[in-house]
1. Quick one: grab the alpha carbon gyration tensor of the range C:284-332, order the square roots of its eigenvalues as a ≥ b ≥ c, and give me rounded if a/c is under 1.5, else prolate or oblate depending on whether a/b is larger than b/c.
2. How would you rank A:17, C:297, B:120, going from fewest to most other Cβ atoms within 10 Å of each one's own Cβ?
3. Roughly how far apart, in whole Å, are the Cα centres of the range B:306-337 and the range C:1-56?
4. If R₀ is 45 angstrom, what is the calculated FRET efficiency for the pair residue C:63 and residue C:172, using the beta carbon separation as r and rounding to 0.05?
5. Please give the calculated 222 nm ellipticity per residue for chain B, where each DSSP H segment of at least 4 residues contributes -39500 (n - 2.57) and the sum is spread over every residue; nearest 500 deg cm²/dmol?
6. Estimate the FRET efficiency between residue B:175 and residue A:128 by the formula 1/(1 + (r/R0)^6), using the beta-carbon distance for r and 51 Å for R0, to the nearest 0.05.
7. Averaged over A:163-174, how many beta carbons belonging to a partner chain fall within 10 Å of each residue's beta carbon?
8. Run the simple label-point estimate for residue B:157 and residue C:9 please: 7 Å along Cα→C-beta, distance reported in nm.
């Protein structure tokens, strides 16, 4: 059916899925109502606000992070959707970036908050604000080695206690490393990593 | 009184390691239980036994190569995992997928939701001691897997979606078979409910067990049926519709008390709603291509995007950071089970050992996704 | 002399041997029956590989258990660990010495005049096997299973006892043979006047044998395998066998006390004489089989109770009901004789 039509009539205009996709562009979102609302609640703390693909990102300095997040909680963002980090390796303003993604049920508004974290710096824990951050912060600690100040129980969560290294750092090889953590040294002689045995039996 | 009881009766606590090899922990979850007799004083989940570094692997693979890895996270719901990942990449690249592809995705995702809920019902009932529903439900799941197999060749790890659409059109006669299945399923769901819903023992075991109120559920970040069971009407499919969920009608069932029984009812109703969605999708299924035009090499622009779908277990989100290369710079998966499991100690405190099993079942966790 | 020896030693020994073998075989085949029946309830086929229709499956299971490695947990109490299975299997089999399978003296080993008491007393010893086994395993799950089982058995023994007393009041005898005869004389099975007692007896019987929905001591999803988690090989087989033997005991007792034992339905109605084509033993086995079927049926239908709910049911519901029932029955037994 469709083939016949195409043969008879001139080609119809291209459908959106036949065109070359146009990637979204980042835009300044300073004037967005949600950002203005945050700005009113916590003036001068938002360093940068970007809208990308319809999602608003607030960039904030690490020292103002807790203040801003507390203000967001006060604005009704009762739900912490996600908390994670990105390793930017050689970035000047700080190697890592912690990313918070908060949600408000009243109008389904979502905001992303990012703060750069230099290596060795401590990020304030938000467990007090959102209990759900507990395991997420543990995971970020486990995977990136970012310390969270005032966390009730900051221990490794996905890897085992005694694991050396933080797997999601960019300098951690995908093949794994000799973690030096021999759980049963008499059964598995030291030298065998979790993934790639090096030389050992 | 409680103190007196503790002094008189000893009150000595015992530590029980519940798992990782235990019939009721649905994989390799380990719970360190502190029990006073049979009463739970404290429960501490210990996870990570299934950690495979999926997020690390994503950074090494090209975008299309990442999709099979998503199958292996929540292995009971591969299609919804695929849907989330490809949706995120499409959002990042600005791809619009053809409507037929979107409808096929919705059908697959809802079938997957049914299959996941069926596994949940089977194991949940089995944990509480009802053996028979397991076999009744798995018979239906088998039919769903057959449909999957016919479509993409795989039954469990489907890898059935591509960036820009779906890889194949539906095989001939598939829609009729699918329709026959969804016409039959509501009757079967009624059968299962007849075994459980009004069963006195089932109610005794689930009503008032693992209660979590709406406020706490939000604070603990619960999503999916556990959140809806607490009375919060919240479904990504309605709030941030993806694919063409805004074109189909369905209700969001919610519970009242936030206990295990309510979550059970919510999931049972969700199955019916899924059937309803599939029916509408089959009715509306448009003609046309199933793949959008996408570049040969997927190379999204610099940027970051968070995209979430309503998985069977809750909000499944993908946060993708791209540096403009062929591999993602960072992929973060927001695992619903991981977040939901966190509320377990809160939910079982003060209950009996037998209730731990019920609560694990009602949270519907999959360790492949928790540990990634 | 040799005649005496034959009468008092030879025949009883032979009977014991026959009944013992039949019983063990019955218990083994009960597992086949259960698996098959449960399978049909659950739309599957059940065992069907060993022998025609899987008839040899119990034999294969037994052989497997015979040759399995017999493990003793390293930190367990070795002697008590060994004692556990003995303590559970011996009483389970011993009870059958007084159960009358039919009217002729050849169909029961002995008729003790305190048969009911004997059954109650001996079968309660079995709980030691469970507790000691669970404790000696030095496993927390086993211990919890053992404790659950102890609590369960003790609390269900009481209402069960009262429901049995109801029957004694009606039959005016403790002998099991007399109880059946009393039902013939009364012309009615005791299930009709003593329906409440029968119900309580059967519920308690299920609880005593740790069967679904009261199978908490071995609740797989909670306690792994409960008190027999650490047992393997023949020791495990004893626990297994004892469970099935106990099911047969409870069913047989229910048959004797409430369903008229080997009697056909309505034993005094001449119009139903044609039912006598089935021999008394046949009637007995038929009734027992019915109970066993109900056991399995329950297992295919019900979820499991929680520990505290189980205790609540036992003490708060069954015990008062059984007491009141006993009073009512006693009143109606005494009334026609002018003893009230």
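1. Oblate is the answer for the range C:284-332, as a/c is 1.5 or above yet b/c matches or exceeds a/b.
2. Least crowded to most crowded, the residues run C:297, A:17, B:120.
3. When both Cα centres are located, 60 Å separates them.
4. The value I calculate is 0.40.
5. My calculation for chain B gives -15000 deg cm²/dmol from helical runs alone.
6. My answer for the efficiency is 0.45.
7. That average works out to 2.
8. 7.2 nm
Read-outs: derived from the displayed coordinates by stated rules, not from any lab. In this text, all values refer to a predicted model and were calculated from it rather than measured experimentally. All Cβ positions, glycine included, derive from the backbone under ideal geometry; neighbour counts span all protein chains shown.
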